[in-house]
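The numbers here are math on the coordinates, done by the rules we state, and not lab data. On a predicted model such as this, the values are computed, not experimentally measured, just so you know. Every residue, glycine as well, gets a Cβ built from its backbone with ideal geometry; the counts of neighbours run over all protein chains shown.
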């Protein structure tokens, strides 16, 4: 925890660049915009509190070769609790990652996730490292790709909270391709279990339903063909 997430991120990006071929003509990618619905749920001994709302974002994914990908994305919005008398929460998220593809249908990746939650009471910042795998299964008769992903978060630091005992994420989605246009719909769930403090156990959950529209560029078969 003391070294933070950046050594892992640097290692992942460095490995990706080491495996990538230098020819710039091989680089391809996708630029995209997203609209999502995010729910943030906090469970403590006092009960369950939640807030939900829409977010918008943008991202870019690059294929440095047939076996190496890097991506960067950011999103933000306002989350509102369901009941009256509680303030809104400003939410922001940024993700940086790199992946190696031992096979066209499998991506093994590492990265860093930054989260921010601002409300009238407090401002909280999270930093999490992640290790994960993504399976991409194209349909044979229609231009659709099914995507399934899992991730573990080895280190999670959050303002005002003890160290996370465990954290993981999972997701799935469908992507439809039409020429250089890609439209995708995906769902993801993240769970963070923090060490029990004097007030009891503390768990947080983020669930996200995301619609993505992307424009692919460069050679076919690269990051433009990645999952949603």
Quiz item: Hey, with R₀ at 22 Å, roughly what FRET efficiency would residue 92 and residue 133 work out to, going by the Cβ-Cβ distance, to 0.05?
Solution: 0.25
Self-check item: Relative packing of peptides 212-218, 160-166 - highest average C-beta neighbours within 10 Å first
Solution: 212-218, 160-166
Self-check item: Least to most buried among 192, 187 (fewest other Cβ within 10 Å first)
Solution: 187, 192
Practice problem: Tell me the label-point distance for the pair residue 108, residue 196, using the 7 Å Cα-to-Cβ offset, in nm and rounded to one decimal. | Solution: 3.7
Quiz prompt | Modelled FRET efficiency - R0 41 Å, residue 45 with residue 74, Cβ distances, 0.05 increments | solution = 0.75
Quiz item: Using 7 Å Cα-to-Cβ label points, what is the residue 152/residue 166 separation (nm, one decimal)?
Solution: 1.1
Quiz item: Regarding segment 36-120, what are the three Cα extents along the principal axes, ordered largest first, in Å?
Solution: 53, 27, 18
Self-check item: Extension reserve of the residue 31-residue 205 stretch, reckoned as 0.36 nm per residue once the Cα distance is removed
Solution: 59.8 nm
Self-check item: Where only C-alpha atoms are counted, convex hull volume of segment 24-72 per residue in Å³
Solution: 93
